[in-house]
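For reference, the structure is listed below as structure tokens.
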Amino acid sequence: MRRAAALAGALWLVAAWPAAAELRVLASTTDLKSLVEAVGGGDVMVDSLVPAGADAEAFEPKLSDLARLRAATLIVRVGLGYDAWVDRLIRQAGDTRFFRGGAADVDASVGIPLLEVVGRGLEAQQSGHAHGAANPHYWLDPANADTITAMIAAGIGRVAPALAARVAANRLRFLTALAARTRDWQTRLAPYEGAAVIAYHSSWPYFARRFRLNIVGVIEPKPGIAPSPAHLARLVAAARDVRPRAVLHEPFEPVETARLVATRTGAPLVVLAPSVGSVSGTGDYIALLEHNVAALARALASAE
Ligand SMILES: [Zn+2]
């Protein structure tokens, strides 16, 4: 019986970790997981610490996440304070390979032209929200996937040099497909160039810059801080002059507040996906952008 159980256990292990995959990568978010899959192909097993549909900015790692980190060969994180809990996890694991600048550490924000950059002052430290040195939602501009995948490919190249050539070929194929899709997304949103929109959370500056939308107001006074009635009243009053054409809402934010702003401003509420898997039909990075472009184009067309 014991031999049978051991055999079953061994078979389970084989099923969980296919021999074909040489490298285990742990990404902090589903977005980075999808981009690792795009460049790693069948050579890489990748998992994300934050489950699909959960808010990465409010995530707290569990003890089992420490075990997942210890079993990984490479960690890929968003950086900029967005997933600061990765640093705590790495300190707990105590493995110097994962330390900043270590061979097994990839901070995907390195090399991204940042928006909403603030000083690393006392205020930024104390405010307790997830936007530290700059706005961290940079993956929502598809052009930034070029830099992100370059960082991932370099990381894989450091820990598994034998995979470098295949990863470079996968990356080129992915970026070529993404560039074609980006041209299509730009064409579909071109009729709404300069459209004024209000967002619940400041997730969209990179997306808005790429697709030429004008974010005229944010419902949260600071990232992660719920608005006061006075802040909402000011926002709605200011919106009268700019005539917003959509209120951007994310699945895990309180919908009542966004709905109130939509009703008061006469703009339609549109649910956008901030991350891969946060809305159904956003199973990978390209599907995420496709969902957001399609939902936005529908809302803006209806508001004309
Ligand atoms: Zn945020």
Regarding the range 210-226, can at least one residue be identified that is within 16 Å of the ligand (Cβ to nearest atom), surrounded by fewer than 20 Cβ atoms within 10 Å (Cβ to Cβ), basic (Lys, Arg) and within 21 Å of the chain's Cα centre (by Cα)?
yes
Search the range 228-273 for residues being touching a Pro at 6+ places or on another chain (Cβ under 6 Å) and not aliphatic (A, V, I, L, M), and hand back the single one that is nearest to residue 50 (Cα to Cα).
250
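Is at least one residue of the range 286-304 within 16 Å of the ligand (Cβ to nearest atom) and either hydroxyl-bearing (Ser, Thr, Tyr) or surrounded by fewer than 20 Cβ atoms within 10 Å (Cβ to Cβ) (or both)?
Here is the first cut: in the range 286-304, the residues within 16 Å of the ligand (Cβ to nearest atom) are 288, 292.
Right, trim to either hydroxyl-bearing (Ser, Thr, Tyr) or surrounded by fewer than 20 Cβ atoms within 10 Å (Cβ to Cβ) (or both) and you get none.
Looking for residues that are within 16 Å of the ligand (Cβ to nearest atom) and either hydroxyl-bearing (Ser, Thr, Tyr) or surrounded by fewer than 20 Cβ atoms within 10 Å (Cβ to Cβ) (or both), one finds none in the range 286-304, hence no.
Can you tell me which residues in the range 48-65 are hydroxyl-bearing (Ser, Thr, Tyr) and farther than 15 Å from residue 93 by Cα?
Applying the first criterion (hydroxyl-bearing (Ser, Thr, Tyr)) to the range 48-65 yields 48, 64.
Residue satisfying the conditions is 48 alone.
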With (1) assigned to a strand (DSSP E or B); (2) more than 22 Å from residue 163 (Cβ to Cβ) as the list, and residue 76 as the residue in question, which single condition is left unmet?
(2)
Total residues in the range 66-81, condition modelled with pLDDT of 95 or more and within 27 Å of residue 254 (Cβ to Cβ):
1
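Is there a residue in the range 49-57 that is within 21 Å of residue 109 (Cβ to Cβ), modelled with pLDDT of 95 or more and not assigned by TED's automatic domain parsing to the domain that holds residue 200?
yes
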When you look at residue 191, is it over 21 Å from the mean Cα position of the chain (by Cα) and under 22 Å from residue 243 (Cα atoms), yes or no?
yes
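Within the range 136-143, is even one residue within 16 Å of the ligand (Cβ to nearest atom) and either over 24 Å from residue 49 (Cβ atoms) or touching an Asp or Glu at 6+ places or on another chain (Cβ under 7 Å) (or both)?
So the first thing to find is which residues in the range 136-143 are within 16 Å of the ligand (Cβ to nearest atom), and the list is 136-141.
Narrowing further to those that are either over 24 Å from residue 49 (Cβ atoms) or touching an Asp or Glu at 6+ places or on another chain (Cβ under 7 Å) (or both): 139.
Looking through the range 136-143, at least one residue is within 16 Å of the ligand (Cβ to nearest atom) and either over 24 Å from residue 49 (Cβ atoms) or touching an Asp or Glu at 6+ places or on another chain (Cβ under 7 Å) (or both).
Considering only the range 189-208, state which residues are surrounded by 15 or more Cβ atoms within 10 Å (Cβ to Cβ) and either more than 16 Å from the ligand (Cβ to nearest atom) or not hydroxyl-bearing (Ser, Thr, Tyr) (or both). Spell out the reasoning first.
Taking the range 189-208 as the starting set, the residues that turn out to be surrounded by 15 or more Cβ atoms within 10 Å (Cβ to Cβ) are 189, 192, 195-208.
Of everything in the range 189-208, those that are surrounded by 15 or more Cβ atoms within 10 Å (Cβ to Cβ) and either more than 16 Å from the ligand (Cβ to nearest atom) or not hydroxyl-bearing (Ser, Thr, Tyr) (or both) turn out to be 189, 192, 195, 196, 197, 198, 199, 201, 204, 205, 207, 208.
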Which condition does residue 60 not pass, out of (1) buried (at least 23 other Cβ atoms within 10 Å of the Cβ); (2) assigned to a loop (DSSP other than H, G, I, E, B); (3) among the charged types (D, E, K, R), if it passes all the others?
(1)
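Scan the range 43-57 residue by residue and report those that are in a strand (DSSP E or B) and among the charged types (D, E, K, R). Walk me through how you get there before you give the answer.
Pass one, the range 43-57, residues in a strand (DSSP E or B): 44-48.
Of everything in the range 43-57, just one residue is in a strand (DSSP E or B) and among the charged types (D, E, K, R), namely 47.
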Is it true that residue 40 is closer than 20 Å to residue 155 by Cβ and either part of a helix (DSSP H, G or I) or at pLDDT 95 or above (or both)?
yes
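The values are calculated or read from the model by the stated rules, or taken from the named source; none is laboratory data. Here the structure is a predicted model, which means the values were calculated and not measured. Methodologically, a virtual Cβ is constructed for each residue, glycine included, from the backbone with ideal geometry; neighbour enumeration extends over all protein chains shown.
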